[in-house]
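Trainee: For reference, the structure I am asking about is given below.
The values are calculated or read from the model by the stated rules, or taken from the named source; none is laboratory data. Bear in mind that the values here come from a model prediction, so they are computed numbers and not experimental data. Neighbour counts run over all protein chains shown; Cβ positions are idealised from the backbone, glycine included.
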Amino acid sequence: MLSAGTSSSLGIAGAQLRLSALAALEYRVGFWSDGVVSVLWGLIGVAPLLVALDHRPDVAGWSAWELMVLTGCFMVVSGIYSALVQPALVKSMEHIRRGTLDFLLLRPADPLVLCLTAEFMPWGLLESFVGGALVVVSLVVLGVAPSVGDLGGALVVFVAGIVALYALGILALAVSFRALRLHNITTLFETLLDFARWPAGVFTGPLKAIFTFLIPFAVMTTQPAQGLLGRLDAGGIATAVATSLVLLIVARVAWVRALRSYTSASS
Amino acid sequence: MSGGGGLRRRLAVLGALGRLGLAEAAAYRASLAVWVLTTTFPLIALALWAGIARAGGPIGAYGEAEFVAYFVAAFLVRQLTASWVVWDLERQIRLGELSVLLLRPVHPLVHHVMTNLAALPLRLVLALPLAIVVLVAAGGIGVSTEPALLALVPLALVGGWILNFAIQAAIGCLAFWWQRSATLFEIWTCLFVVLSGYAVPTSLLPLGLDEVARLSPFHALLGFPVELLLGHLSPAEALDFLALQWGWVIVSVALARFAWGRGLRAYGAYGA
């Protein structure tokens with residue numbers, strides 16, 4: 001059952017998305033700066049993979065077109081980040097820095113929902129659409145038709161990955177209550193996201209642990225791609241979901257504590 | 001006013017700007033630390049390439065140790081040639097903040113040069129420990145053993161810094177006509193990542209693309225100083241590439257001056 005709180009949160013997110021979409025259609029220069037450039041970034045970033053494939057038949061057991069499935073998954077996540085997550089974080093951090101968060105806190109809704117829907121840049125989703133198309137094309141070239149079970153598993157892991165992405169965003173937001181000029185932390189995350197282009201199997205040692213549990217890029221891109229290729233088992237799905245849920249709980253606790261220490265503009 | 005007095009006054013102004021930049025960098029050190037971390041991309045590339053080399057043997061002339069040395073050097077060169085004038089300039093032109101700088105008795109671009117340079121020491125303080133940890137973990141770095149070539153490294157670094165600053169300034173000046181000039185710089189950065197040796201050592205690029213990349217300003221920004229430092233270049237090659245780099249420096253400075261001069265006239269036409 002959907003609780004009243006959840007449905008009102010979804011309502012707020014929907015309304016905010018509609019407003020942003022209208023604004024985006026108004027200012028069409030964003031089509032080039034947010035949309036086309038992010039697609040370009042998404043595609044140019046493949047270059048290191050291509051260079052690696054020029055010298056090796058595969059990378060960590062992934063063939064060329066399998067890596068394109070992964071690249072497509074990456075572009076979907078990257079587009080969601082730059083269109084939905086990053087703008088909201090930047091806007092909310094600005095509110096925190098200036099003390100105008102007060103206006104959000106006064107509204108009769110969960111402040112976290114208001115922060116995470118503070119601003120969207122819909123043109124960034126262009127990268128997600130191109131990424132989705134790339135996934136379909138690559139699967140067709142490979143001749144892989146995912147079964148319903150595989151699709152379901154990939155979808156579950158994908159949602160878990162997006163939840164983890166949001167959890168990391170909320171953590172960044174909580175930190176920004178203390179260090180006020182940290183809006184560039186979202187840029188840092190954008191840089192780190194480039195790790196997610198590569199199969200998680202490339203990493204060894206501490207980096208592998210970090211990218212599986214702490215900053216679970218493996219959950220965001222590698223595992224959905226594995227799911228589509230029919231290589232993901234139930235244990236992998238369960239671990240991915242558990243990782244994301246733990247991150248989400250930690251983030252929520254950090255947010256509540258940070259909000260308590262917020263002293264607003266006037267005090 | 002005598003010429004000597006003018007010079008002394010100028011030096012005093014530059015010194016003051018330098019202190020201002022240093023103070024800003026120190027005040028927002030957490031922010032600067034995050035900026036340093038955003039340029040850790042070479043260390044990411046290091047983890048990947050070293051991993052691939054470890055699993056299946058060397059790629060081209062690069063084994064695991066060579067990849068580590070290459071990307072740590074790339075990380076440090078990137079720190080030493082960093083500037084961010086394109087974003088400052090774009091914002092200042094768009095919001096009209098530039099008018100305040102124009103009123104001051106210092107050329108606004110000189111102001112930016114000094115504040116960008118002043119952050120370098122702190123940048124290095126933040127970046128060096130990271131580089132040292134990676135190097136110690138990987139077992140050291142072999143730099144060029146040719147003293148004459150090592151002597152050219154500072155020249156290559158200065159050239160890289162000026163080139164980066166002038167290109168950013170030139171693109172930033174486009175904001176006089178076009179509000180989102182930073183977008184153009186993002187496209188530039190896309191090409192930089194691939195062609196400069198930032199994500200892939202240039203000599204590994206396929207299809208003769210490495211020859212093209214070596215002639216480009218991208219490689220002059222990063223790949224050339226790195227390869228010079230690591231001793232990958234013969235003395236003759238080093239001198240050729242140094243001349244090429246400084247050729248790009250001259251072109252980029254000329255472009256920046258041209259864009260600034262034209263742009264300022266357009267800016268004045270707003271009635272600012």
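Trainee: Within the stretch A:116-129, track down each residue that is assigned to a helix (DSSP H, G or I) and buried (at least 20 other Cβ atoms within 10 Å of the Cβ).
Mentor: Just the residues of the stretch A:116-129 that are assigned to a helix (DSSP H, G or I), to begin with: A:116, A:122-129.
A:LEU116, A:PRO122, A:TRP123, A:GLY124, A:LEU125, A:LEU126, A:GLU127, A:SER128 - these are the residues of the stretch A:116-129 that are assigned to a helix (DSSP H, G or I) and buried (at least 20 other Cβ atoms within 10 Å of the Cβ).
Trainee: Between A:GLY153, A:GLY201, which is more than 10 Å from chain B (Cβ to nearest Cβ), surrounded by 15 or more Cβ atoms within 10 Å (Cβ to Cβ) and of a type in the set (Gly, Ala, Ser)? Break it down stepwise before answering.
Mentor: Values: A:GLY201 fails: more than 10 Å from chain B (Cβ to nearest Cβ).
Going through A:GLY153, A:GLY201 in turn, the sole match is A:GLY153.
Trainee: Now a separate question. When only residues in the stretch B:80-100 that are of a type in the set (S, T, N, Q) and over 11 Å from B:ASN116 (Cα atoms) count, which is modelled with the lowest pLDDT? Break it down into steps so the answer makes sense when it comes.
Mentor: Step one: filter the stretch B:80-100 for residues of a type in the set (S, T, N, Q), giving B:81, B:83, B:92, B:99.
Those left that are additionally over 11 Å from B:ASN116 (Cα atoms): B:92, B:99.
Values: B:GLN92: 83, B:SER99: 79.
Ranking the candidates gives B:SER99 first.
Trainee: Same structure again: Being within 30 Å of B:GLU64 (Cβ to Cβ), part of a helix (DSSP H, G or I) and at pLDDT 85 or above, is that true of even one residue in the stretch A:161-175?
Mentor: Just the residues of the stretch A:161-175 that are within 30 Å of B:GLU64 (Cβ to Cβ), to begin with: none.
The answer is no, given that none of the residues of the stretch A:161-175 is within 30 Å of B:GLU64 (Cβ to Cβ), part of a helix (DSSP H, G or I) and at pLDDT 85 or above.
Trainee: Right, here's the next one. Checking the structure you have, find out if any residue of the stretch B:45-67 is over 28 Å from A:LEU193 (Cα atoms), surrounded by 20 or more Cβ atoms within 10 Å (Cβ to Cβ), hydrophobic (A, V, I, L, M, F, W, C) and more than 16 Å from the chain's Cα centre (by Cα). Give the derivation first.
Mentor: So in the stretch B:45-67, the residues over 28 Å from A:LEU193 (Cα atoms) come out as B:61.
From what is left, the residues that are surrounded by 20 or more Cβ atoms within 10 Å (Cβ to Cβ) are none.
Among the residues of the stretch B:45-67, not one is over 28 Å from A:LEU193 (Cα atoms), surrounded by 20 or more Cβ atoms within 10 Å (Cβ to Cβ), hydrophobic (A, V, I, L, M, F, W, C) and more than 16 Å from the chain's Cα centre (by Cα), which makes the answer no.
Trainee: Run B:PHE67 past the list (1) at pLDDT 80 or above; (2) at the interface with chain A (Cβ under 10 Å from one of its Cβ atoms) and report the number of the one that doesn't hold.
Mentor: Looking at each condition in turn, B:PHE67 falls short on (2).
Trainee: Only one of B:ALA169, B:ALA266, B:ALA236 is under 14 Å from the mean Cα position of the chain (by Cα) and more than 14 Å from chain A (Cβ to nearest Cβ). Can you tell me which? I'd like the intermediate steps shown before the answer.
Mentor: Working: B:ALA266 fails: under 14 Å from the mean Cα position of the chain (by Cα); B:ALA236 fails: under 14 Å from the mean Cα position of the chain (by Cα).
The match here is B:ALA169.
Trainee: Can you name the residue in the stretch B:1-52 that is more than 14 Å from every other protein chain (Cβ to nearest Cβ) and touching a residue at least 24 places away in the same chain (Cβ under 8 Å) and is also farthest from A:ASP58 (Cα to Cα) among such residues?
Mentor: Here the answer is B:VAL13.
Trainee: Residues B:LEU155, B:LEU174, B:LEU126: which one is assigned to a helix (DSSP H, G or I), at pLDDT 85 or above and farther than 21 Å from B:ARG265 by Cα? Reasoning before the result, please.
Mentor: Working: B:LEU174 fails: farther than 21 Å from B:ARG265 by Cα; B:LEU126 fails: at pLDDT 85 or above.
Within the list B:LEU155, B:LEU174, B:LEU126, the selection yields B:LEU155.
Trainee: From A:VAL76, A:VAL51, grab the single residue that is within 14 Å of chain B (Cβ to nearest Cβ) and assigned to a helix (DSSP H, G or I).
Mentor: Working: A:VAL76 fails: within 14 Å of chain B (Cβ to nearest Cβ).
Going through A:VAL76, A:VAL51 in turn, just one is within 14 Å of chain B (Cβ to nearest Cβ) and assigned to a helix (DSSP H, G or I): A:VAL51.
Trainee: What residue, of A:LEU19, A:LEU40, is more than 10 Å from chain B (Cβ to nearest Cβ), hydrophobic (A, V, I, L, M, F, W, C), out of contact with any Leu (no Cβ under 7 Å at 6 or more places or on another chain) and farther than 30 Å from B:ARG54 by Cβ? Explain how you work it out, then say what you get.
Mentor: Numbers: A:LEU40 fails: more than 10 Å from chain B (Cβ to nearest Cβ).
Matching residue, one of A:LEU19, A:LEU40: A:LEU19.
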